[in-house]
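**Student:** One structure is given below, represented as structure tokens, and several questions about it will come after.
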């Protein structure tokens with residue numbers, strides 16, 4: 001029953017419910033506590049946008065080749081890209097529509113950083129997903145380069161740590177002026193998006209499809225936990241990047257790595 005498999009994949013594993021759990025784990029690993037929405041948080045356009053972003057992240061995860069995924073997702077990764085772009089850009093729409101210069105400026109900065117960083121991520125992960133089960137010695141270098149490029153810009157893609165908003169110029173960022181309940185929902189949705197994107201990078205960049213499915217899930221879980229703990233160690237120890245410096249990091253360091261990974265993986269597949 002194909003429709004039942006699609007329903008399970010989209011709603012439970014590896015879709016929406018999995019994304020919510022990953023968001024909680026991300027908060028636990030990075031800050032020692034997960035964030036959750038509170039009562040009264042769902043009655044505004046900002047709340048609708050945040051909720052829609054969580055749905056987008058969950059559906060994006062379901063299109064990736066997870067071990068034991070009830071539907072085949074071998075060639076569906078472009079839908080993951082589209083889902084994540086909706087998930088990250090949709091919450092910025094209310095901020096851009098507020099008419100408040102500081103809030104709109106924060107949204108524009110977040111969009112500029114995020115779009116560039118996620119473009120680098122998918123430039124790296126696209127070829128890696130096309131060769132997802134091919135981990136020969138010749139392709140391992142390409143996979144590792146793709147993983148390194150994606151992780152290098154992951155903080156910028158999610159607005160984490162040194163790539164968060166410039167509080168001295170735009171206090172509160174895109175959530176400035178929102179009620180406490182709406183801010184809690186926005187923070188929870190950010191964790192879900194970040195956890196889902198990190199999981200996507202891990203699934204695409206690690207050899208989760210070359211052995212038994214259970215072992216593949218262990219590899220993915222270990223990778224997710226390790227990167228989350230590294231982020232926790234780094235947070236607060238790296239100064240906040242200005243917008244030009246953040247863009248320069250993506251263009252001068254991560255983009256060449258992603259391009260090299262794409263060339264290596266594409267060349268090996270055609271040899």
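The values are calculated or read from the model by the stated rules, or taken from the named source; none is laboratory data. Small disclaimer: the values here were computed from a predicted structure and weren't measured. All Cβ positions, even for glycine, are placed from backbone atoms using ideal geometry, and neighbour counts span all protein chains on display.
**Student:** Do we find that residue 157 is assigned to a helix (DSSP H, G or I), within 10 Å of the chain's Cα centre (by Cα), within 16 Å of residue 80 (Cα to Cα) and modelled with pLDDT of 90 or more in this structure?
**Tutor:** Yes: the conditions hold for residue 157.
**Student:** Now a separate question. Can you name the condition, by its number, that residue 146 falls short on among (1) out of contact with any helix residue (DSSP H, G or I) (no Cβ under 8 Å at 6 or more places or on another chain); (2) modelled with pLDDT of 95 or more?
**Tutor:** Failing condition for residue 146: (1).
**Student:** Also: Could you tell me which numbered condition residue 265 fails, if it satisfies all but one of (1) part of a helix (DSSP H, G or I); (2) under 21 Å from residue 92 (Cβ atoms); (3) touching a helix residue (DSSP H, G or I) at 6+ places or on another chain (Cβ under 6 Å)?
**Tutor:** (2)
**Student:** On to the next question. So in region 230-242, with the set limited to residues that are in a helix (DSSP H, G or I) and in contact with a helix residue (DSSP H, G or I) (Cβ under 6 Å, 6 or more places away or on another chain), which one is surrounded by the most Cβ atoms within 10 Å (Cβ to Cβ)?
**Tutor:** Once the filter is applied, the top-ranked residue is 231.
**Student:** Can residue 121 be described as in contact with a helix residue (DSSP H, G or I) (Cβ under 8 Å, 6 or more places away or on another chain) and without any contact (Cβ under 8 Å) to a residue 24 or more places away in the chain?
**Tutor:** Values: in contact with a helix residue (DSSP H, G or I) (Cβ under 8 Å, 6 or more places away or on another chain): yes; without any contact (Cβ under 8 Å) to a residue 24 or more places away in the chain: no.
Considered against the rule, which asks whether it is in contact with a helix residue (DSSP H, G or I) (Cβ under 8 Å, 6 or more places away or on another chain) and without any contact (Cβ under 8 Å) to a residue 24 or more places away in the chain, residue 121 comes out as no.
**Student:** For the condition more than 14 Å from the chain's Cα centre (by Cα), buried (at least 22 other Cβ atoms within 10 Å of the Cβ) and over 26 Å from residue 20 (Cβ atoms), what is the one hit in 107, 146?
**Tutor:** When all the criteria are applied, what remains is 146.
**Student:** Quick check on region 251-260. Is at least one of its residues within 30 Å of residue 38 (Cα to Cα), in contact with a helix residue (DSSP H, G or I) (Cβ under 6 Å, 6 or more places away or on another chain) and either surrounded by fewer than 20 Cβ atoms within 10 Å (Cβ to Cβ) or modelled with pLDDT under 95 (or both)?
**Tutor:** no
**Student:** Can I ask one more? Of the residues in region 95-104, how many are at positive phi and surrounded by 15 or more Cβ atoms within 10 Å (Cβ to Cβ)?
**Tutor:** Here the count works out to 0.
**Student:** A follow-up question, please. For residue 187, are the conditions met, namely being free of Cβ contacts under 8 Å to residues at least 12 places away in the same chain and either assigned to a helix (DSSP H, G or I) or surrounded by fewer than 19 Cβ atoms within 10 Å (Cβ to Cβ) (or both)?
**Tutor:** no
**Student:** Search region 218-229 for residues being surrounded by 14 or more Cβ atoms within 10 Å (Cβ to Cβ) and in contact with a helix residue (DSSP H, G or I) (Cβ under 7 Å, 6 or more places away or on another chain), and hand back the single one that is nearest to residue 149 (Cα to Cα).
**Tutor:** 227
**Student:** Restricting the search to region 130-142, which residues are surrounded by fewer than 24 Cβ atoms within 10 Å (Cβ to Cβ), in contact (Cβ under 8 Å) with a residue 12 or more places away in the chain and in a helix (DSSP H, G or I)?
**Tutor:** If the condition is that a residue be surrounded by fewer than 24 Cβ atoms within 10 Å (Cβ to Cβ), in contact (Cβ under 8 Å) with a residue 12 or more places away in the chain and in a helix (DSSP H, G or I), then 130, 138, 139, 141 are the ones that fit.
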